[in-house]
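**Student:** Before we start, here is the structure in question, set down as structure tokens.
The values are calculated or read from the model by the stated rules, or taken from the named source; none is laboratory data. The model shown is predicted, which means the values in this text are computed figures rather than measured ones. All Cβ positions, even for glycine, are placed from backbone atoms using ideal geometry, and neighbour counts span all protein chains on display. Note: areas computed on protein heavy atoms with side chains; ligands, DNA, RNA excluded. Shrake-Rupley method; radii C 1.70, N 1.55, O 1.52, S 1.80 Å.
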Amino acid sequence: MDRATLAENFDDFYPCFDDHEARVAADRCYFCYDAPCITACPTAIDIPLFIRQIQAGQPEAAAKTIFDQNILGGMCARVCPTENLCEGACVREIAEGQPVEIGRLQRYATDTLMAGNAHPYARAEPTGKRIAVVGAGPAGLACAHRLAMKGHDVVIFEAREKPGGLNEYGIAAYKAANGIAQAEVDWLMRIGGITLQTGLSLGREITLERLRGDFDAVFLGIGLGGVNALSAPGEEKAGVRPAVEFIAELRQAEDLAALPIGRHVVVIGGGMTAVDAAVQSKLLGAEHVTMVYRRGREAMAASDHELDHAATAGVKIVTHAMPVAIHGNGAVREIEFAYTRQGETGLEPTGETFRLKADQVFKAIGQTLDGLPDGLEAARGKIATDVIGRTAIPGVWAGGDCAVGEDLTVVAVAQGRDAAEDIHASLTA
């Protein structure tokens, strides 16, 4: 595929409102008292307030209302499953089937403020306290910004070369076009008081014990580094890889035309990562892309909006099928599936099988915590925390995908923000 077509395919999929469009969209809001959209937002943004501010021609004030609760409101406006959250709870959605476009209005406000090169927050007087934040993903960044704003000094330790976490490495490129992930991090860091150190991984270059000795508090936002196995013979064959690796490679590629993509791509899984891998494979030029999920569509973690987008992009979606073998001489050529049904003891194969051609297979069946730091307790395969993010070790908090909770960017931001408030309260008590 030529570079011009690729550039068009991966251009911003959700263009921003202009001023007139934003005013028109804002006029549809009923400005509900006790608005259900606020309750549905994990960061509890005052949505009617910021929409009223847009209606009044004050997008910068609207952005401040958003950032007060969600400092990564720009990316969340692009990647949040709003149809399941704020827009799904909108009274216009319930009454008319057409909600107020809250996500696009949020993007309009936040993009307007950031484009003005202003940072609406200032640091409090220095407290003399130092906090280590491990992981520069949404949870770590939200925690670091809130702590820095309260006057603490923060050092972020990030294993990768760039900050941003999944916003930089794990989101489809067409959702985060024009370098928005790094632009938002740069904007966030303007609060001051935050030092970023990259290429440092917990358990390798740094240890939790050392951090606890050197800092007044520690926040862990290390994400999920492991990938679940298919548990099917042939999984080790060339051409079979985790979908998150493919997405990260695509996001960091300088030349999309140089990325190898197969003619027949199979993506195993039913979540957002599976959709992102499948759609981007099609955008790169794959002729046949198939998503296969072991249960029915109603059980898929991806929203109906995302699944419809995948189908529109030309992705075939097959449900009630599980991989049982990967065939090929060294490299994958076919993948064999068994149809599934719900039995008395759970999901089971029916005995019927089928095969799909595949020269690339992407595994999107969930990620796992890549090693539990010593002294921490586990719950459901993640770091166990209380509702405010405290772990079993005094002085250590955790949030984001590595901690118990829903794996959403907006949830990670809320957990990082709330943990920062509790860290601040503990250090200044």
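**Student:** V265 versus (1) part of a helix (DSSP H, G or I); (2) buried (at least 20 other Cβ atoms within 10 Å of the Cβ): which is the lone unmet condition?
**Tutor:** (1)
**Student:** Also: Scanning segment 1-44 for residues that are buried (at least 16 other Cβ atoms within 10 Å of the Cβ) and aliphatic (A, V, I, L, M), which turns out farthest from L256 (Cα to Cα)?
**Tutor:** A35
**Student:** Out of the residues in segment 46-64 that are assigned to a helix (DSSP H, G or I) and free of Cβ contacts under 8 Å to residues at least 24 places away in the same chain, state the one that is surrounded by the fewest Cβ atoms within 10 Å (Cβ to Cβ).
**Tutor:** L49
**Student:** How many residues does segment 214-228 hold that are buried (at least 18 other Cβ atoms within 10 Å of the Cβ) and either touching an Asp or Glu at 6+ places or on another chain (Cβ under 7 Å) or of a type outside the set (A, V, I, L, M) (or both)?
**Tutor:** So the count comes out to 5.
**Student:** Next question, about the same structure. Does T385 count as open to solvent by 70 Å² or more (accessible area, probe 1.4 Å) and without any contact (Cβ under 8 Å) to a residue 40 or more places away in the chain?
**Tutor:** no
**Student:** Considering (1) farther than 20 Å from V24 by Cα; (2) modelled with pLDDT under 95, say which one F157 fails and leave the rest.
**Tutor:** Evaluating F157 over (1) farther than 20 Å from V24 by Cα; (2) modelled with pLDDT under 95 leaves (2) as the failure.
**Student:** Somewhere in segment 272-283, is a residue farther than 24 Å from A302 by Cα and of a type outside the set (S, T, N, Q)?
**Tutor:** no
**Student:** Additional query: Taking the stated definitions as given, is D255 over 22 Å from I326 (Cα atoms), in contact with a Lys or Arg (Cβ under 9 Å, 6 or more places away or on another chain), open to solvent by less than 10 Å² (accessible area, probe 1.4 Å) and among the acidic types (D, E)?
**Tutor:** no
**Student:** While we're looking at this one, here's another question. I want to confirm something. Restricting to segment 359-371 and keeping residues that are in a loop (DSSP other than H, G, I, E, B) and hydrophobic (A, V, I, L, M, F, W, C), which single residue is modelled with the lowest pLDDT?
**Tutor:** If we take residues in segment 359-371 being in a loop (DSSP other than H, G, I, E, B) and hydrophobic (A, V, I, L, M, F, W, C), then L369 is modelled with the lowest pLDDT.
**Student:** Being over 22 Å from V227 (Cα atoms) and either among the acidic types (D, E) or in contact with a strand residue (DSSP E or B) (Cβ under 7 Å, 6 or more places away or on another chain) (or both) is the filter; apply it to segment 268-291 and report the residue that is surrounded by the most Cβ atoms within 10 Å (Cβ to Cβ).
**Tutor:** A286
**Student:** Which residues, taken from segment 404-429, are hydrophobic (A, V, I, L, M, F, W, C), open to solvent by less than 40 Å² (accessible area, probe 1.4 Å) and either touching a Cys at 6+ places or on another chain (Cβ under 8 Å) or modelled with pLDDT under 95 (or both)? Reasoning before the result, please.
**Tutor:** If we filter segment 404-429 for residues that are hydrophobic (A, V, I, L, M, F, W, C), which is where we start, we get 404, 408, 410-414, 419-420, 423, 425, 427, 429.
Then drop every residue that is not open to solvent by less than 40 Å² (accessible area, probe 1.4 Å), which leaves 404, 408, 410-414, 419-420, 423, 427.
Residues satisfying the conditions are V404, L408, V410, V413, A419, A420, I423.
**Student:** Shifting gears a bit: So which helices (runs of 4 or more DSSP H) stay within segment 97-206 end to end and still have 1 or more residues that are surrounded by 17 or more Cβ atoms within 10 Å (Cβ to Cβ), free of Cβ contacts under 8 Å to residues at least 60 places away in the same chain and more than 17 Å from the chain's Cα centre (by Cα)?
**Tutor:** Answer list for segment 97-206: 102-115, 138-149.
**Student:** While we're here: Within segment 305-321, which residues are open to solvent by less than 60 Å² (accessible area, probe 1.4 Å) and either over 30 Å from the mean Cα position of the chain (by Cα) or touching a residue at least 12 places away in the same chain (Cβ under 8 Å) (or both)?
**Tutor:** We begin by selecting, within segment 305-321, every residue open to solvent by less than 60 Å² (accessible area, probe 1.4 Å); these are 306-307, 309-311, 313-315, 317-319, 321.
Once the filter is applied, which keeps residues that are open to solvent by less than 60 Å² (accessible area, probe 1.4 Å) and either over 30 Å from the mean Cα position of the chain (by Cα) or touching a residue at least 12 places away in the same chain (Cβ under 8 Å) (or both), segment 305-321 yields E306, L307, H309, A310, A313, G314, V315, I317, V318, T319, A321.
**Student:** A further question on this structure: Based on this model, can you work out whether E236 counts as assigned to a helix (DSSP H, G or I), acidic (D, E) and free of Cβ contacts under 8 Å to residues at least 24 places away in the same chain? Show your work before the answer.
**Tutor:** Values: assigned to a helix (DSSP H, G or I): no; acidic (D, E): yes; free of Cβ contacts under 8 Å to residues at least 24 places away in the same chain: yes.
For E236, the condition - assigned to a helix (DSSP H, G or I), acidic (D, E) and free of Cβ contacts under 8 Å to residues at least 24 places away in the same chain - is not met.
**Student:** Restricting segment 345-358 to residues that are open to solvent by 50 Å² or more (accessible area, probe 1.4 Å) and either of a type in the set (D, E) or in a strand (DSSP E or B) (or both), which is nearest to H288 (Cα to Cα)?
**Tutor:** For segment 345-358, the residue satisfying everything is K357.
**Student:** Continuing with this model, one more query. Could you check E298 against (1) open to solvent by 40 Å² or more (accessible area, probe 1.4 Å); (2) in a helix (DSSP H, G or I); (3) of a type outside the set (K, R); (4) under 30 Å from M1 (Cα atoms) and say which number it fails?
**Tutor:** With respect to (1) open to solvent by 40 Å² or more (accessible area, probe 1.4 Å); (2) in a helix (DSSP H, G or I); (3) of a type outside the set (K, R); (4) under 30 Å from M1 (Cα atoms), E298 is out only on (4).
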